[in-house]
1. Quick one: Ala80 ticks every box in (1) modelled with pLDDT under 95; (2) closer than 20 Å to Trp99 by Cβ; (3) buried (at least 19 other Cβ atoms within 10 Å of the Cβ) except a single one, so which number is it?
2. Among Ala30, Ala47, Ala8, Ala25, which is the only one that is farther than 20 Å from Ala131 by Cα, free of Cβ contacts under 8 Å to residues at least 12 places away in the same chain and either small (Gly, Ala, Ser) or out of contact with any helix residue (DSSP H, G or I) (no Cβ under 6 Å at 6 or more places or on another chain) (or both)?
3. Would you confirm, using the coordinates I've provided, whether Pro44 is part of a loop (DSSP other than H, G, I, E, B), surrounded by fewer than 17 Cβ atoms within 10 Å (Cβ to Cβ) and of a type outside the set (S, T, N, Q)?
4. Mind listing whichever residues of the range 90-148 are among the charged types (D, E, K, R), more than 17 Å from Ala65 (Cβ to Cβ), in a helix (DSSP H, G or I) and touching a residue at least 12 places away in the same chain (Cβ under 8 Å)?
5. Out of Phe101, Phe111, Phe151, Phe128, which single residue is under 17 Å from the mean Cα position of the chain (by Cα) and either surrounded by fewer than 20 Cβ atoms within 10 Å (Cβ to Cβ) or among the acidic types (Asp, Glu) (or both)?
6. Take the range 131-147 and flag every residue that is under 14 Å from Phe111 (Cβ atoms) and surrounded by fewer than 15 Cβ atoms within 10 Å (Cβ to Cβ).
7. Which numbered condition trips up Ile11, out of (1) more than 20 Å from the chain's Cα centre (by Cα); (2) not in a helix (DSSP H, G or I)?
8. Going by the conditions given, is Val71 part of a helix (DSSP H, G or I) and more than 15 Å from Ala23 (Cα to Cα)?
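The values are calculated or read from the model by the stated rules, or taken from the named source; none is laboratory data. Nothing here was measured: the structure is a model prediction, and the numbers come from that model. With ideal geometry, Cβ positions are generated from the backbone for all residues, glycine too; neighbour counts draw on all protein chains shown.
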Amino acid sequence: MSAASSRALSIGLLASLAITFAAAAVGAIASSSSAAFYASLDRPAWAPPASVFGPVWTLLYLLMAVSAWLVWRTQGLRSASAALGAYALQLVANALWTWLFFAWKMGAAAFVDAVVLWALVAFTAFKFWQARRVAGVLMLPYLGWVTYAVFLTFSIWRRNPGLL
């Protein structure tokens with residue numbers, strides 16, 4: 001591998017990380033004071049403590065970014081436009097959920113967004129799998145977590161009609 005192609009791959013990985021973590025930052029802005037709100041909610045016994053979310057999401061965002069980079073690396077931007085477009089859409093839905101739930105306290109809309117996010121992540125994982133299997137596999141923990149989040153969002157929304 002030439003130094004130029006190695007540099008291009010490194011820049012691609014950094015771009016994927018930057019785009020993914022920028023979406024995470026947009027969501028983080030909405031959740032800057034979420035710990036107190038989350039603590040005030042009636043949550044099911046299977047809800048995680050607030051301290052779990054940061055480490056889990058950091059790992060998931062890292063896996064997602066590497067996955068997107070692998071797809072770009074394998075197929076290029078033009079050939080992978082459907083897969084990477086789905087990836088971009090799910091990043092938007094991901095960031096929007098935090099605003100709907102924590103900033104705007106719109107439980108029903110957050111639940112609908114979570115369902116849409118699940119469908120987008122499932123489609124993205126499928127497209128990534130088609131492009132490069134390991135990229136699809138790297139999306140599976142995220143799909144699992146979003147599946148859990150759909151049920152958690154629904155449960156918390158229904159338990160807290162006055163707050164959400």
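1. With (1) modelled with pLDDT under 95; (2) closer than 20 Å to Trp99 by Cβ; (3) buried (at least 19 other Cβ atoms within 10 Å of the Cβ) applied to Ala80, the lone miss is (2).
2. Residue meeting the stated conditions: Ala25.
3. yes
4. Asp113 - this is the single residue of the range 90-148 that is among the charged types (D, E, K, R), more than 17 Å from Ala65 (Cβ to Cβ), in a helix (DSSP H, G or I) and touching a residue at least 12 places away in the same chain (Cβ under 8 Å).
5. Phe151
6. Residue satisfying the conditions is Thr147 alone.
7. (2)
8. Here the answer is yes, as Val71 does meet what is asked.
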